[in-house]
Every structure is written in C-alpha cells, then in structure tokens.
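As structure tokens, the structure follows; a few thoughts come after it.
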Amino acid sequence: MAGKIVVAADLGASGGKMAKGCFDGNTLQVDHFYEFANQPMELNGNLYWDLFRLYNSILDGMSYYAEDNKVEAIGIDAWGASYGFLDKKGRLLEQVYHYRDLRTEHSLERMYRILPKRKLFELTGCQPNRTYTLPQLYSYPEHDDRIINLAHKMLFLPDLLEYFLSGEISTERSIAGTSSLLRPEQDQWAYEVFNTLGIQTGMLTNLVDGGTQRGTVLNGVGNSTGVGKAKVIATVGHDTAAAVAGIPDFGVNQVYISVGTNINMGIELTSSITSEKAYEGGFKNAGVLEDRKMLYRDFSAFWLLNELIRTWREEGKNYDYSVIMDMVMRCKTKGVYIDVEEASFNNPGENMKQKINDYLLKTGQEALRTDAEFARCILESIALKVKYCTEYLKKRLNIPLDKVSVINGGTRNHVLMQMISDALDLPIYCGLPYATLVGNVLIQLYALGEFQSVDEIREVSGRSFTMNEYLPQSGERARWDAGLQDMMDKGIYK
C-alpha cells in the first residue's frame, strides 16, 4: 500500500506496542506491530516506571520501521497520571514514579481537608483517585518537598518521551486532562487548585492541542534510528482519548468502553458537565480532539484478573488465558460481586483470593472456593460495573444511548464481551484491539493535513476496519438487573 507512513507508539501499564500506519488516500492500514515489555521497578520501598527502558524500546521500534520505509512522523500516547520533572538544564530530576506507588496512600484524605472533593470537581471537572497526578504532587511535602520545588518543568509521560526525541517542551491537552489539573473545559491549568493546595506553578508549560507538530527528531536520534528528519507529532497523548478519536462512525448518543488493564467508559460531548448528578455518579471530564470532550468513568478491569493470576502463580498454578476462560464458561455463576473500585483490590500484592473473600463476607455475600469461581466473579463484577455506569448515564443524567462500541485489547476476551452485552441487554460492537494505535496514527495523519476534522477521521476508520457484534442472550437480563439492585441496596453502588 503506497502512501504516507507514520509510526505510532502506545504505552500501557504492562507493555508497549508500536505500529506502522499507511494511508493511501482512502483507507488506512495499520500493521507490522512491534511489542515490548513494561516492567515496573521496586527500589527501596518505592515503585517506579523503567523510563529509560521504555525510551530505548521506542528507539528500537523506530529503527525497526526505518529499515524498509520512509517514516514521515512518530507520535506517542500513554496512560495518564505519570509525569517527570526537569531541572533548568532540561535534565530529569528523579525517576518517574509508578502511579500505584504507596506514597499517595493517604494523599486524598489530607487533600480534601483543604480542598473538598465537590469543590475540586467544580474547579477541574475531575474526581481523582489516589493514582492521579494531583494527589501525587500533593504528596511531596510529606515525603520530600525539595524535588518539586526544584522542578523547572513538569511533563506528562508522552510529552516527556517526545521531548527526549525532539527537544521540544509543551503539554498536550488530552494527557493533561487526565491529571485533575485543568479547568473543566480543558482550556487552561486550574491555577486556583495549585494555589489552594500550595503546589508551585512555575513548572507548568503551555498547552497544545492534539495534532500539533513538535518539530523533527533530534539529529542524534534520527541518525541512530535511521528515521532521519521524521516529524514528532503531539498526537492525542491520552491513550483512551486517542482510541475514542478513531472509533468507526462514533458520535453522539453512543457509549464507548475501552477495555484493558483498566476500563475507561463514557460518552463524547462538546462541553463538560459538572452537575451535581455527574458528581454523585463519579464521572469526570477530559478532552479528546478539537472541541470534543469525554464524560467518563474509569475503574480496574484486567488488573484484577492479573492480580488473581499472580496469586495462582504463588500457589504453583500456571493457567493461561484460554484455560481461565474455559474454566469460567464451565462454572455456574454464584451471583456474588465485588466493587472493582474497592481500594484493597487496587493495591498491589497480598493474596487476591483472600481479599475477594474478605470483601464478600464483609458485604454479606457467599465466599468463593474454586479458582473458576474467583475468575468468574471478577469478570461478572466488571460487567456489572459497566451496567451501573451505563444505567446512570441513561437514567440519572438523562442521556439517550443508542449504540455501544467496545474497543482495545480486552475485546479479545469473548467471555467478558458476552457478559457486557447480557448485562446491558443491548447489542455491542467490539473490535479494534489496537484501537489506541489506530487513533494515534489517524491523528498524526490529521496533523500532516490528510484529514480536516474528527468526523473525517472516523469515516476513514469506518471504511478501514470492521467491528464484531455481540447480541444479548435471552433470559439473562433478570439476573443482571437483580445483581445491580442488590449492590445498590447494599449501598455499594450509589
């Protein structure tokens, strides 16, 4: 396929993926996937990302694509919340913390004594959990305030890595929107939040829109990788927002569900919502591209299953995913559920089976016994949380919903996809296991002038990729409705 060639890098919590995108003027081809591990490091009681390993992996990927192709551009997206500090000479001040590092364990409760949660939502349109950037920044005085006061610039992970590639410093708007540091309309930093909490603002950089060119790769990078003067594009840096930008024929009155280590799900709007009902439902606002906003919820998904797998391995059991899914399908439901947002499930370590049973007993539910029951409980609990959030959008926020699109790697899990369709009692359209890479590529092409709008991006995606349909099974709705009602009666879901 002849046409413009760009390289996309998508960083996830457990690994990174890169791909070559080629557009022939009509359809997009995304292939030649290059994958690498992302293994956090625990050092002296703290948890960090291995930043330089990630950077070197991206360089290796650039070399891989440069062998046979002329690379016109590269763009990087990643998870939210992670950041690096630079000193006045542009040097990294400290290693990049993992967002689950326990230094933030009590940050939120201390923060809310000064800036109440409802006021923070009014000022930012966001309701952070402890992994977000704001609680991380607020934790410094308790641990070591010298670093944050020395910080000349703060860059989120995609911006930081693109700075290493290009030498250009700026903050892409969508990745900043994951931080709880922007105003609700995503148009400027929330300076009142910084000032109220005593966090210095001199480290903040100017905000740029997704699809902004950040110059070209530095000479040393271009020569060592073979990409020459490839452009560096500030693609939509927030991985979910990049994926949403590229969903085929996506638009109003549609729900997106991005499934991976976590679920990020919501709707697209042209303005943010900071109403009392949106606040009570735990929703947050972030930017996508142009004037598009997301009203969304995020919560753990395959993180929980991975923690269960870790526990099994400690017991000497090594199940692969196909075996686990077969176990689940052959296991009759116990009709018990956990809240996937419960703090104990989201802290790494300890025995996941014990944590689940402790929670079930605490909430008046039956404890589990078999490995299959634990796995099924996790998947059903994920699907039930999706149902709760979707029902909230429809019934509490009065937003009509006529289509559900499920994207990214979790769509390969046919068991969970069927559960979600059954729980919602709706057809769901699933696919684009590399949706974030696809969106990343499309936004780079947008930056290069191939497309003029988000709608055009999605039209091209619709011509280029096919989604699979899952239909709800008959007779399933009643038990999912009962499960949701039970969790609400217990006060677990508000």
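Observations, loosely collected:
- Proximity of backbone amide H atoms, modeled 1.01 Å from N, is registered between Leu47 and His98, Leu102 at under 5 Å, excluding neighbours fewer than 5 places apart on the same chain.
- Highest mean first, the peptides 248-258, 391-401, 273-283 sorted by other C-beta atoms within 10 Å per residue fall in the order 248-258, 273-283, 391-401.
- Among beta bridges from DSSP that stay inside the chain, the antiparallel ones total about 70%.
- Charge dipole (debye, nearest 20) of the chain; +1 at Cβ of Lys and Arg, -1 at Cβ of Asp and Glu: 640 debye
- With a cut-off of 16 Å on the backbone N, the residues of region 8-32 near the modelled label site 7 Å out from Arg463 along Cα-Cβ are 22-30.
- Cα gyration tensor shape of region 214-255, rounded if a/c is under 1.5, else prolate or oblate by comparing a/b with b/c: prolate
- Gain on full stretching of the segment that runs from Asn195 to Arg313 - 0.36 nm per residue minus C-alpha separation: 37.8 nm
- Cα gyration tensor, region 211-360 - rounded (a/c under 1.5), prolate or oblate: oblate
- Packing, taken as the mean count of other beta carbons within 10 Å per residue, orders the peptides 5-13, 447-455 from highest to lowest as 5-13, 447-455.
- Global form of region 186-292, assessed from the alpha-carbon gyration tensor, a/c cut-off 1.5: oblate
- The apolar share of the surface of the chain, taken as the fraction of accessible area on carbon and sulfur atoms (1.4 Å probe, ligands and nucleic acids excluded), comes to 47 percent.
- Per-residue SASA entry for Asp489, accessible area with 1.4 Å probe, Å² rounded to 10: 110 Å²
- Dipole of the chain [Lys/Arg +1, Asp/Glu -1 at C-beta], most positive-end residue of Met329, Phe299, Gly220: Phe299
- Each residue of region 212-220 was assigned a 3J(HN,Hα) from its phi angle through the Karplus curve 6.51 cos²θ - 1.76 cosθ + 1.60 (θ = phi - 60°); the sequence is 8, 7, 9, x, 10, 5, 4, 4, x Hz, with glycine and proline shown as x.
- Straight-line cross-link partners of Lys362 among the lysines, defined as a Cα under 20 Å from its Cα and at least 8 positions apart when in the same chain: Lys334, Lys353, Lys385, Lys490, Lys494.
- Each of Asn206, Thr240, Phe194 was placed along the dipole of region 191-268 (beta-carbon charges, centred on the mean Cα), and the one lying farthest toward the positive end is Asn206.
- Accessible area expressed per residue, the chain, with surrounding protein chains retained (probe 1.4 Å, Å²): 38 Å²
- Computed [θ] at 222 nm, deg cm²/dmol, the chain (DSSP H ≥ 4; -39,500 (n - 2.57); rounded to nearest 500): -11500 deg cm²/dmol
- Peptides 118-127, 355-364 ordered by average Cβ neighbours within 10 Å, highest first: 118-127, 355-364
- Phi-based couplings in Hz for region 76-84 (Karplus 6.51, -1.76, 1.60; Gly and Pro marked x): 10, 10, 7, 5, x, 5, 7, 8, x
- Using only side-chain charges placed at the Cβ, +1 for Lys and Arg and -1 for Asp and Glu, the dipole size of region 404-494 relative to its Cα centre rounds to 220 debye.
- Amide H contacts of Asn413 (H built 1.01 Å from N, under 5 Å, at least 5 apart or other chain): none
- Taken one residue at a time, the phi angles of region 431-445 give Karplus couplings (6.51, -1.76, 1.60, θ = phi - 60°) of x, 6, x, 10, 4, 5, 5, 4, x, 4, 4, 4, 6, 5, 5 Hz. Gly and Pro are set to x.
- Above-threshold pairs, the threshold being 32 Å between Cα atoms, out of Lys89/Lys231; Lys231/Lys394; Lys277/Lys332; Lys17/Lys403; Lys153/Lys284: Lys231/Lys394; Lys277/Lys332
The values are calculated or read from the model by the stated rules, or taken from the named source; none is laboratory data. Just so we're clear, the structure is a prediction, and the values are computed from it rather than from any experiment. Please note: Cβ atoms are built from the backbone with ideal geometry, for glycine as well, and neighbour counts cover all protein chains shown. Note: accessible area is taken over every heavy atom of the protein model, side chains too, but ligands, DNA and RNA are not part of it. Shrake-Rupley method; radii C 1.70, N 1.55, O 1.52, S 1.80 Å.
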